[in-house]
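S.K.: Let me give you the structure first, and then I'll get to my questions.
The values are calculated or read from the model by the stated rules, or taken from the named source; none is laboratory data. It should be emphasised that the depicted structure is a prediction, and the values quoted were computed from it without experimental measurement. Here the Cβ positions follow ideal geometry from the backbone for every residue, glycine too, while neighbour counts run over all protein chains shown.
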């Protein structure tokens, strides 16, 4: 039996044990991903770094606790600048290989490691901002810096739920979901707009938001309406248009021979 000092407190340990094993059997948390008690430690994830004094220089250095064998009087620190720097490097290296891993981000947060904004799938092409402003005319999106990083963010109460931004987004960072009679528009899984849907008078399915229909009505207000207004989905609008054209062409053929 030997004694090991961890964070200023002495603990008994068996020769051949690792620093990680001693820490865990005494309720001291050290983060790991690649460690399993049934397998030989590999030190792959490098999250389990602890601070020890260098054997030759005496200066504090980071070593991996899963492969560090304890010796009599060994002093270990599980927190501090040396450990923090090693953990930040380890977490960032792991995120380069698994950028969408929520488990890594939760672990980093639990140990006070700031990894910066999570990846959001947005390549900052600004297509969504431009199409909403220049084509749709709603101006519901803008670029804004958050913690020094540019993000696409909504203009308050400008979204009309047309879905054009989601259709033009090249990476799928913006999504539209229709559930029953409600449409949700999301950026980075954050809902930026929730809108009731209108029902098609032809087929009966929900197809466009009330705000979008009102917006189109306002945009076309300067032009006189020469036909009866209907709320048709694109499929029904095309179907009825084709039928009307066919009826009109048939009528012309019937009239022409006897004129």
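S.K.: Which of the strands (runs of 3 or more DSSP E) contained wholly in region 135-207 include at least 2 residues that are under 17 Å from residue 118 (Cβ atoms) and more than 18 Å from the chain's Cα centre (by Cα)?
M.R.: Output list is empty.
S.K.: So is residue 53 within 29 Å of residue 3 (Cβ to Cβ) and at pLDDT below 95 or not?
M.R.: The answer is yes for residue 53.
S.K.: Let me ask you something else. Within region 134-155, which residues are closer than 23 Å to residue 211 by Cβ and touching a residue at least 24 places away in the same chain (Cβ under 8 Å)?
M.R.: Listed by number, the residues that qualify are 135, 136, 137, 138, 140, 141, 152, 153, 154.
S.K.: What's the number of the condition residue 12 fails, among (1) touching a helix residue (DSSP H, G or I) at 6+ places or on another chain (Cβ under 8 Å); (2) part of a strand (DSSP E or B)?
M.R.: Just one mismatch for residue 12, condition (1).
S.K.: Same structure again: Regarding region 71-80, can at least one residue be identified that is closer than 28 Å to residue 15 by Cα, in the same structural domain as residue 18 (by TED's automatic domain parsing) and touching a helix residue (DSSP H, G or I) at 6+ places or on another chain (Cβ under 6 Å)?
M.R.: yes
S.K.: Just to check your reading of the model, which residue among 68, 47 is surrounded by 11 or more Cβ atoms within 10 Å (Cβ to Cβ), more than 35 Å from the chain's Cα centre (by Cα) and at pLDDT 95 or above?
M.R.: It is 68.
S.K.: Additional query: Which of the residues spanning region 54-109 are on the phi > 0 side of the Ramachandran plot and not in a loop (DSSP other than H, G, I, E, B)?
M.R.: Of everything in region 54-109, nothing turns out to be on the phi > 0 side of the Ramachandran plot and not in a loop (DSSP other than H, G, I, E, B).
S.K.: Given the conditions (1) farther than 30 Å from residue 45 by Cβ; (2) in contact with a strand residue (DSSP E or B) (Cβ under 9 Å, 6 or more places away or on another chain), which single one is not true for residue 125?
M.R.: Result: residue 125 passes all but (2).
S.K.: Report whether or not residue 82 is crowded, with 16+ Cβ neighbours inside 10 Å, closer than 30 Å to residue 43 by Cα and touching a residue at least 12 places away in the same chain (Cβ under 8 Å).
M.R.: yes
S.K.: Taking only region 110-120 into account, find how many residues are exposed (fewer than 15 other Cβ atoms within 10 Å of the Cβ) and either more than 30 Å from residue 155 (Cα to Cα) or within 12 Å of the chain's Cα centre (by Cα) (or both).
M.R.: 5
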